[in-house]
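Comments concern the structure below.
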Amino acid sequence: MSAPIFERPVVDLAAAVHAGELKAEALTRASLDAIRERDQQLGGFITVAGQQALAQARELDLRRERGETLGALAGVPIAIKDALCTKDQPTTSASRILSRGIDEDGRPIEPWRPPYDATVVARLRAADAIFVGKCNLDEFAMGSSNENSAYRLARN
């Protein structure tokens, strides 16, 4: 019997996707389900990129079926801090300065969308990691307790 999916090492998850034992879409759905179940209580995400992540995962599964070479992190769901620029997702650095305010769920309204990726983001993309969202932090990463986000408290 194998370990529950999120108790498995990242290297094992990527190997299972490479081998076709685990679909990237199934892994992404499991990750998005876990976020949906827990994030209201934890406040860990500023942005959840569900549809984008699922589309990325489906494309990765098609590439594997065609026999294309996949990156080292193929299919592994990744969440990055909202301080890192992503050209296809909002970036706020947990500050209202980079959005037009917050909605009733504590999420940014019309957040800034950078025209480029941070270097680490570009490298994760090249490795075929699946971006499920952007994580909360202290505003502009100035702090260590996650109590100073413009959006909501993060309970890490």
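Out of Ala26, Ala14, Ala53, report the one residue that is out of contact with any Leu (no Cβ under 9 Å at 6 or more places or on another chain) and not in a loop (DSSP other than H, G, I, E, B). Answer to the check: Ala26. Note on the range 82-106: among residues that are over 15 Å from the mean Cα position of the chain (by Cα), assigned to a loop (DSSP other than H, G, I, E, B) and more than 19 Å from Gln51 (Cβ to Cβ), the one that is modelled with the lowest pLDDT is Gly106. Of all residue pairs spaced 6 or more apart or on separate chains, those with beta-carbon atoms under 9 Å, a first member in the range 3-25 that is under 20 Å from Ile35 (Cα atoms) and a second member that is aromatic (Phe, Trp, Tyr) and open to solvent by 60 Å² or more (accessible area, probe 1.4 Å) are Leu13/Phe6. Filtered by the rule that a residue be hydrophobic (A, V, I, L, M, F, W, C) and open to solvent by less than 30 Å² (accessible area, probe 1.4 Å), the range 53-65 gives Ala53, Leu54, Ala57, Leu60. Taking the range 27-52 as the search range and keeping residues that are open to solvent by 50 Å² or more (accessible area, probe 1.4 Å) and of a type in the set (A, V, I, L, M), which one is nearest to Ile102 (Cα to Cα)? Among those that are open to solvent by 50 Å² or more (accessible area, probe 1.4 Å) and of a type in the set (A, V, I, L, M), it is Val48.
The single condition among (1) buried (at least 19 other Cβ atoms within 10 Å of the Cβ); (2) farther than 25 Å from Arg29 by Cβ; (3) in contact with an Asp or Glu (Cβ under 7 Å, 6 or more places away or on another chain) that Leu98 does not meet is (3).
The rows are residues; the columns are (1) free of Cβ contacts under 8 Å to residues at least 12 places away in the same chain; (2) in contact with a Ser or Thr (Cβ under 8 Å, 6 or more places away or on another chain).
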site: Arg58; (1), (2): no, no
site: Gly106; (1), (2): no, no
site: Asp117; (1), (2): no, yes
site: Val120; (1), (2): no, no
site: Arg123; (1), (2): yes, no
site: Gly143; (1), (2): yes, no
site: Ala150; (1), (2): no, yes
site: Leu153; (1), (2): no, no
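Sub-6 Å Cβ pairs linking a first residue in the range 125-137 that is touching a residue at least 24 places away in the same chain (Cβ under 8 Å) to a second residue that is of a type in the set (Val, Ile, Thr) and assigned to a strand (DSSP E or B), at least 6 apart or interchain, are Ala129/Ile78; Phe131/Ile78; Gly133/Thr47; Gly133/Val48; Lys134/Ile46; Lys134/Thr47; Asn136/Ile46, ordered by first then second residue. Residues in the range 107-151 that are among the charged types (D, E, K, R) and either part of a strand (DSSP E or B) or open to solvent by less than 70 Å² (accessible area, probe 1.4 Å) (or both): Arg107, Asp117, Arg125, Asp128, Lys134, Asp138, Glu139.
The values are calculated or read from the model by the stated rules, or taken from the named source; none is laboratory data. Since the model is a prediction, treat every value here as computed from it, not as a measurement. Virtual Cβ from ideal backbone geometry, glycine too; neighbours counted across all protein chains shown. Ligands, DNA and RNA are stripped out before the accessible areas are found, and what is left, the full protein with its side chains, is counted by its heavy atoms. Shrake-Rupley method; radii C 1.70, N 1.55, O 1.52, S 1.80 Å.
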